[in-house]
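The values are calculated or read from the model by the stated rules, or taken from the named source; none is laboratory data. These numbers come from a predicted model, not from an experiment. Cβ atoms come from the backbone with ideal geometry, glycine included; neighbour counts cover every protein chain shown. Ligands, DNA and RNA are stripped out before the accessible areas are found, and what is left, the full protein with its side chains, is counted by its heavy atoms. Shrake-Rupley method; radii C 1.70, N 1.55, O 1.52, S 1.80 Å.
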Amino acid sequence: MARIIRQEEALREAAALLGAGGVVAIPTETVYGLAADAFNGEAVAKIFETKGRPRFNPLIAHVSNIGMATELAVFNDRARALAEKFWPGPLTMVLPMTATSPVHPLVTAGLDTLAIRVPQNTFTRALIAELDHPLAAPSANRSGRISATTAAAVDAELGDRIELIVDGGSAQVGVESTIVKVDDDRVTLLRPGGVAREAIEDVVKTRLEAVTGATVQAPGMLLSHYAPQLPVRLGAREVNSGEALLAFGPRRAQGSGQAAATVNLSEAGDLREAAANLFSAMRELDRAQATAIAVEPIPEEGLGEAINDRLRRAAAPRDMTGQGE
Ligand code: AMP
Ligand code: MG
């Protein structure tokens with residue numbers, strides 16, 4: 001069972017748990033978050049595992065100040081103006097990632113953009129500063145359930161699955177952050193939330209664009225998103241001539257010796273490790289001189305569900321751009 005500790009007393013313990021790759025429920029002004037070190041792929045995989053999320057959607061990286069944000073994402077003039085006006089606060093910006101950003105690809109679901117914000121809660125900012133890494137944190141509830149705005153609500157949702165809940169009282173805003181994607185030629189409202197559209201429009205001096213079919217709103221939901229260049233063949237029990245192999249576990253598919261390239265998601269068959277390696281593995285195999293990527297069977301249990309969801313999208317026909325959900 002989780003222990004609930006008041007934020008005034010929780011800093012050292014929460015920082016130690018996060019530094020060791022654990023997940024901790026933390027207060028923010030929007031809703032409680034289920035946080036992990038955004039540089040640590042296996043820690044981020046635990047977020048999905050703990051929530052029971054059936055797919056890898058990109059997460060918001062929480063940072064302690066604008067300086068930390070600029071190490072991870074590229075700010076144009078509008079993004080800088082928005083940060084100065086609304087941070088700390090319930091505004092998330094989707095920005096291009098810097099070339100050297102150490103944010104783990106599981107946080108962005110393999111995208112080259114990063115959703116980032118500075119939360120208001122002073123404990124949470126102190127925690128991020130103490131860890132000196134950003135925290136990836138979706139809402140602290142089981143997948144498909146409503147967000148938690150008190151420590152007791154987090155406990156009811158996840159108390160049997162996590163070690164520590166930091167109690168910062170009721171979330172003052174109580175709804176999720178507003179998410180805008182800031183491009184050089186436009187600003188798009190991806191999700192309404194704690195900061196009003198009009199307040200954002202006042203700062204950027206332009207109307208916020210609505211999400212259209214052409215806009216990739218929640219990229220993880222596009223059926224064929226992250227499709228590698230190469231065709232992907234799932235459930236492979238043998239490797240055909242010319243194919244590269246995405247392997248899983250200790251035993252190899254037949255003919256694996258002739259694979260054009262092989263990456264094993266987890267030799268030990270550990271789904272958490274496999275989740276953490278998934279996006280970089282797909283990228284690496286896509287660069288191989290191969291005709292296709294054969295994927296060994298991955299069990300449809302725990303994180304395997306989200307891994308298989310992602311792989312099915314990678315294998316979907318390329319002209320299918322419809323929403324997956
Ligand atoms: P949550 O963590 O539940 O508050 O949800 C985060 C939201 O941010 C989801 O709707 C994501 O799809 C969205 N998001 C995160 N990163 C990106 C990104 N790089 N591009 C577009 N949307 C993003
Ligand atoms: Mg949520």
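In segment 89-105, the qualifying residues are those that are open to solvent by less than 10 Å² (accessible area, probe 1.4 Å) and within 20 Å of Asp184 (Cα to Cα), and the one that is farthest from ligand 2 (Cβ to nearest atom) is Leu95. Taking (1) over 18 Å from Pro102 (Cβ atoms); (2) under 12 Å from the mean Cα position of the chain (by Cα); (3) open to solvent by less than 40 Å² (accessible area, probe 1.4 Å) in turn, Arg55 satisfies each apart from (3).
Selection of segment 118-141 for residues being of a type in the set (A, V, I, L, M, F, W, C) and assigned to a loop (DSSP other than H, G, I, E, B) yields Val118, Ala137, Ala140. Within segment 84-99, residues that are without any contact (Cβ under 8 Å) to a residue 24 or more places away in the chain reach partners that are surrounded by fewer than 18 Cβ atoms within 10 Å (Cβ to Cβ) and in a helix (DSSP H, G or I) with beta carbons closer than 8 Å, at six or more positions or on different chains, in the pairs Glu84/Ile66. Within segment 58-104, being assigned to a loop (DSSP other than H, G, I, E, B) and more than 15 Å from the chain's Cα centre (by Cα) holds for Ser64, Asn65, Val74, Phe75, Asn76, Trp87, Pro88, Gly89, Pro90, Thr98, Ala99, Thr100.
The rows are residues; the columns are (1) open to solvent by 10 Å² or more (accessible area, probe 1.4 Å); (2) away from ligand 2 (no atom under 16 Å from the Cβ); (3) at pLDDT 95 or above; (4) of a type in the set (Lys, Arg).
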position: Val63; (1), (2), (3), (4): no, yes, yes, no
position: Val74; (1), (2), (3), (4): yes, yes, yes, no
position: Arg80; (1), (2), (3), (4): yes, yes, yes, yes
position: Trp87; (1), (2), (3), (4): yes, yes, yes, no
position: Val107; (1), (2), (3), (4): no, no, yes, no
position: Pro119; (1), (2), (3), (4): no, no, yes, no
position: Ala126; (1), (2), (3), (4): yes, yes, yes, no
position: Ala148; (1), (2), (3), (4): no, no, yes, no
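Only one entry in Arg287, Arg272, Arg310 is at pLDDT below 95 and closer than 25 Å to Lys51 by Cα, namely Arg310.
Conditions (1) touching a Gly at 6+ places or on another chain (Cβ under 6 Å); (2) charged (D, E, K, R); (3) away from ligand 1 (no atom under 16 Å from the Cβ), marked per residue:
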{"site": "Ala126", "(1), (2), (3)": "no, no, yes"}
{"site": "Ala140", "(1), (2), (3)": "yes, no, no"}
{"site": "Thr150", "(1), (2), (3)": "no, no, yes"}
{"site": "Asp155", "(1), (2), (3)": "no, yes, yes"}
{"site": "Gln172", "(1), (2), (3)": "no, no, yes"}
{"site": "Glu176", "(1), (2), (3)": "yes, yes, no"}
{"site": "Asp183", "(1), (2), (3)": "no, yes, no"}
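Being buried (at least 23 other Cβ atoms within 10 Å of the Cβ) and part of a strand (DSSP E or B) is a property that Ala14 lacks. For segment 149-208, a tally of residues being farther than 15 Å from Arg78 by Cβ, among the β-branched types (Val, Ile, Thr) and part of a loop (DSSP other than H, G, I, E, B) returns 5. Here Ala115 passes the criteria (1) part of a strand (DSSP E or B); (2) within 18 Å of Arg55 (Cβ to Cβ); (3) away from ligand 2 (no atom under 16 Å from the Cβ) except the one numbered (3).
Comparison of Glu243, Glu209 shows that the only residue that is open to solvent by 30 Å² or more (accessible area, probe 1.4 Å), modelled with pLDDT of 90 or more, among the charged types (D, E, K, R) and farther than 16 Å from Asp309 by Cα is Glu209. Looking at segment 196-206, is at least one residue touching a strand residue (DSSP E or B) at 6+ places or on another chain (Cβ under 9 Å) and open to solvent by 50 Å² or more (accessible area, probe 1.4 Å)? So far as segment 196-206 goes, yes, one or more of its residues are touching a strand residue (DSSP E or B) at 6+ places or on another chain (Cβ under 9 Å) and open to solvent by 50 Å² or more (accessible area, probe 1.4 Å).
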